[in-house]
Structures are given as C-alpha cells and as structure tokens.
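Here is the structure we will look at.
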Amino acid sequence: QVQLVESGGGLVQPGGSLRLSCVASGIIFSRRTMGWYRQAPGNQRELVATITSGNNTNYAGSVKGRFTISRDNAKNTAYLQMNSLKPEDTAVYYCRAGTINVTWGQGTQVTVSS
C-alpha cells in the first residue's frame with residue numbers, strides 16, 4: 001500500500017521559514033518524481049515544485065528563489081524548504097508521488113500571518 005505522510009506545517013509570520021517533509025512508503029521512492037502542490041481556499045490545487053529521480057527540479061514562478069525542493073532517497077523523504085514566506089503562501093500543501101499513477105498525501109496546513 002502506497003502512503004505519503006506530510007509534516008512540518010504550521011503558523012509562521014511573514015518573512016519566516018518552514019520546512020515540510022513527506023515520508024513515502026510502499027513505493028520504490030528513488031525512481032519516482034516527487035512534487036509539492038498547494039491549495040488555498042476557493043482556489044484550484046497548483047504546482048509548487050517537483051524533483052525527478054535524477055534530481056532535476058522545477059518551480060512555480062511565484063516561489064522560485066524562495067522555496068527549495070530536495071529529496072533523501074535513503075530516508076524515502078522529500079522536503080520543501082520555504083523561506084521568505086508571504087501571506088499568499090497560505091494553503092494546504094500536498095505531497096505527490098509519480099507522474100502517471102500518482103499518489104497524494106493528506107496535506108499539511110501552512111498559514112503565514114502576523
């Protein structure tokens with residue numbers, strides 16, 4: 001059974017940082033493209049960043065230069081380091097494994113507010 005478990009969300013002030021983690025089980029993690037997506041209330045789910053099995057990365061324009069996606073294949077874990085957070089980054093953040101047969105995590109709330 002494939003499972004993704006996100007953690008690391010919370011409340012942070014504008015300009016602050018958070019690091020999200022996504023632990024995968026039931027898949028050959030090292031072979032999968034991993035992605036982070038987010039969904040704010042009233043909005044569609046949108047791409048934040050992806051990282052391929054070869055460590056090629058892709059970012060949404062709104063987070064480029066502030067967020068960094070990475071992976072640790074030994075720990076079956078993907079990370080999203082978020083710096084210089086803005087109120088518009090507030091959303092539920094989801095981890096996704098794969099690009100065709102995809103699996104989603106349950107999401108973790110990130111709230112950026114003073």
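If we scan the range 47-55, do we find a residue that is in contact with a helix residue (DSSP H, G or I) (Cβ under 6 Å, 6 or more places away or on another chain) and either open to solvent by 30 Å² or more (accessible area, probe 1.4 Å) or in contact (Cβ under 8 Å) with a residue 60 or more places away in the chain (or both)? Break it down stepwise before answering.
First pass over the range 47-55, keeping only residues in contact with a helix residue (DSSP H, G or I) (Cβ under 6 Å, 6 or more places away or on another chain): 53.
Imposing the further condition that a residue be either open to solvent by 30 Å² or more (accessible area, probe 1.4 Å) or in contact (Cβ under 8 Å) with a residue 60 or more places away in the chain (or both) reduces the set to 53.
Within the range 47-55, one or more residues are in contact with a helix residue (DSSP H, G or I) (Cβ under 6 Å, 6 or more places away or on another chain) and either open to solvent by 30 Å² or more (accessible area, probe 1.4 Å) or in contact (Cβ under 8 Å) with a residue 60 or more places away in the chain (or both).
Looking at the range 18-41 only, could you name the residues that are within 16 Å of residue 109 (Cα to Cα) and modelled with pLDDT under 95?
Correct list: 41 only.
Could you figure out which of (1) surrounded by 13 or more Cβ atoms within 10 Å (Cβ to Cβ); (2) free of Cβ contacts under 8 Å to residues at least 24 places away in the same chain; (3) not basic (Lys, Arg) isn't true of residue 76?
So the condition that residue 76 fails would be (2).
The values are calculated or read from the model by the stated rules, or taken from the named source; none is laboratory data. These figures come from a predicted structure and were not determined experimentally. Virtual Cβ from ideal backbone geometry, glycine too; neighbours counted across all protein chains shown. Protein only, heavy atoms only, side chains kept; ligands, DNA and RNA dropped before computing areas. Shrake-Rupley method; radii C 1.70, N 1.55, O 1.52, S 1.80 Å.
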